[in-house]
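> Before we start, here is the structure in question, set down as structure tokens.
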Amino acid sequence: MSDTLPLLRRLWRDEVRRFLPVLLAALILMTLEGATLGAMSYLVQPLFDEVFVAGNATAVQGIALAIAGIFTLRAVAGFGQRVLVMGVGLKVTTALQTRALDHLLDLDAGYFQANAPGDLIERVRGDTLALQQTASAALMTVGRDAISLVSLLAVMLWVDWRWALIAFVGVPILILPLALLQRWIRDTTRQARGSASLLSTRLDEIFHGMVSIKVNRLEDHERARFGREVAGFLTAQIRSETGKAALPAVIDVIAAAGFLGVLLYGGAEILAGEKTVGAFMSFFTAMALLFDPLRRLSMVSGQVQAAAASLERIYAMLDVRATVLPPAAPVPIAAGRLVFHDVDFAYGQEPVLQRLSFTAEAGQTTALVGPSGAGKSTVFALLTRLIDAKSGAITIGGTDVAAADPADLRGLIAYVGQDAALFDETIAENIRLGRLDATMDEICAAAAAASVTAFTDAMAAGLGTRVGPRGASLSGGQRQRVAIARAVLRDAPILLLDEPTSALDTASERVVQAALTDLAKGRTTLMIAHRLSTIRDADKIVVIDRGGAVESGSHDALMAKGGLYANLVAAQASFGRQNGVGGSGSPPGHAPDRHPK
């Protein structure tokens, strides 16, 4: 429990403390609701002694009204405190979710490479919801049932303190088993939340890869993989629930011993005339009612441990710190010549770039080519400061990108990648992401420049057509044209093109390539392409191999040199002839993944 308290204190300080007035009001209502059980058990004694034994008819009405009033008070107080507590719980949950997303948006790209989307979704949604459900239930139970416990115990002590001692004589022997059960619940709940993350990740992969699954007849394979994940989650969750169920069971064992002792001892005193029937029934009622809140309170420890397991996962994510940070005194940055000078970068212990040096002149198109894994895409990540170089310098217009604010740096750049990032909004709204303050006229102009209107004019809703999750209702070529329109609207001086036509068929490629050519005019353009036919007209081609620039020059100059670039062109042409794509196809290992549309 010692490692749980810091987590709860942190939650209180960060998220819950501001709701203190509401929680105090809920506590008052909990106190009223909890006290009603003691009041009801207390009224049992006059009910039996005055009405049932003494036959006092005048006492019936008063006792009946008192009991009815207690039930009414219990109903009103119970309703009110539940509404207040659940409201606070939901507000805390949504605040945690918002804070988690805000934090994730500030983290480096490397964090998302190391953590699957399903796991992050489960932490932002699943863990916060699990926390809300368990924490709200625990709070209501503690506030209400602790008061009930005190009031019922007071009645029991008032009737006979010796009977009360007998009722609880077995409690001390349960301390160790209860502590072990709490640890069990914490550990198994942590495992269950981890298994839930794996399930979310597996579902994310299945839904996003549905076309490949069906085309490759992998349905049974994915069912089996998902079945194994479900089995792992089921095992962990059952173990956790078993621990929670054991807590009230232990209390019931003590209740059985207590009832037995009180009946034997108290029954003898009643038969001897030392206690009245009303006193015994009042004590017995209080004792019977007491073990129910005691059982619920015993489950609170399990609920707290379950909440702590979710809190651990949430705070583990929130405690990750970004490594790409704005400098203390950022300097202004403006578009100009791009220079990489002796840049080194590694993912962990795996080197990617080693003393990479090249220059991209302002207003010209520079193409990066080379074998897969040579480090081309890493160049883009470094240039936009999604990651930072280990050593060396990257400058734009003479300014080191590390000295600039990342937001200012990225404001100079428009990006079109091989996988257009579309959201489940309209085509117009997806284009607007290039510049959020754009007018509809500007969006329409960008759409026309990127040939988006060539297909939206045939749609009933035009640019107002929703694209579906990840742009699923559009073909690959259509998605790319929307992404290009976004870049047109952004109108940034630096353009990064990361294999934007690699997944397109020949007809779509021609349209997209024409739009990209228009977009690149007058801009400092850096492009990665596996289809070497698309970069023949580049002002400069830089060949990267094993993390370094091994050749640079125009297409004609590099072909005349007969080096790595010439070999890549020859290999791709040979592959194209063998596969009937006229030499413009991708090299082996990079065949287009054409969209079924």
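> Going by amide H atoms built from the backbone, whose H comes under 5 Å of the H on residue 417, apart from near neighbours?
Amide H to amide H, under 5 Å and 5 or more residues apart or across chains, residue 417 pairs with 498.
> Still on this structure, please answer the following. For the chain, state the semi-axes of the equivalent ellipsoid (square roots of 5 times the eigenvalues of the alpha-carbon gyration tensor), sorted largest first and rounded to whole angstrom.
On the way: eigenvalues 1011, 117, 104 Å².
Here the semi-axes work out to 71, 24, 23 Å.
> In the stretch 36-128, if every C-alpha pair distance is counted and binned at 10 Å from zero, what percent goes to each bin?
With 10 Å bins starting at 0, P(r) equals 13, 24, 14, 12, 12, 12, 8, 4, 0.
> On full extension of the chain, what length is gained from residue 347 through residue 162, given 0.36 nm per residue of separation minus the C-alpha to C-alpha distance?
On the way: separation 185, 0.36 × 185 = 66.60 nm, distance 7.06 nm.
Fully extending the segment from residue 347 to residue 162 adds 59.5 nm.
> Something else about it: If each residue of separation counts as 0.36 nm, what is the full-extension length gain between residue 95 and residue 322 once their alpha-carbon separation is subtracted? Before the final figure, lay out the partial values.
Working: separation 227, 0.36 × 227 = 81.72 nm, distance 2.09 nm.
Fully extending the segment from residue 95 to residue 322 adds 79.6 nm.
> A follow-up question, please. As a check on your grasp of the helix formula, calculate [θ] at 222 nm for the chain: sum -39500 (n - 2.57) over DSSP H runs of n ≥ 4, divide by the residue count, round to the nearest 500. The partial results should precede the final answer.
Details: 20 runs with 354 residues, N = 597.
When only DSSP H runs of four or more count, the value is -20000 deg cm²/dmol.
> Taking the chain, how many lysine pairs are there with alpha carbons less than 27 Å apart, if each pair must be eight or more places apart or span two chains?
9
> Suppose each label sits 7 Å from its Cα in the direction of the beta carbon; what would the residue 207-residue 224 distance come out to in nanometres?
Using points 7 Å along Cα→Cβ, the separation is 2.5 nm.
> Under a 5 Å amide H to amide H cut-off, with H placed in plane at 1.01 Å, what residues pair with residue 365 once short-range neighbours are removed?
525, 539, 540
> So for the stretch 75-119, Kirkwood radius off the Cα pairs, Stokes-Einstein at 37 °C and 0.692 mPa s: how many µm² s⁻¹?
Values: Rh = 13.0 Å.
The calculation lands on 252 µm²/s.
> In the chain, what percentage of the DSSP-assigned beta bridges are antiparallel, given to the nearest 5? Present the calculation step by step, with values, prior to reporting the outcome.
Details: 20 of 38 bridges.
The answer is about 55 percent antiparallel.
> With point charges of +1 on the Cβ of Lys and Arg and -1 on the Cβ of Asp and Glu, referenced to the Cα centre of the chain, which listed residue (544, 67, 93) lies farthest in the positive direction of the dipole?
544
> Neighbouring Cβ atoms within 10 Å as the yardstick, rank 33, 551 fewest first. Write out the running numbers ahead of the final one.
Details: 33 25, 551 18.
In order of increasing Cβ crowding within 10 Å: 551, 33.
Every read-out reported here was derived from the displayed coordinates using simple, explicitly stated rules and does not represent laboratory data. Bear in mind that the values here come from a model prediction, so they are computed numbers and not experimental data. Glycine also receives a Cβ, built like all others from the backbone with ideal geometry; neighbour counts cover every protein chain displayed.
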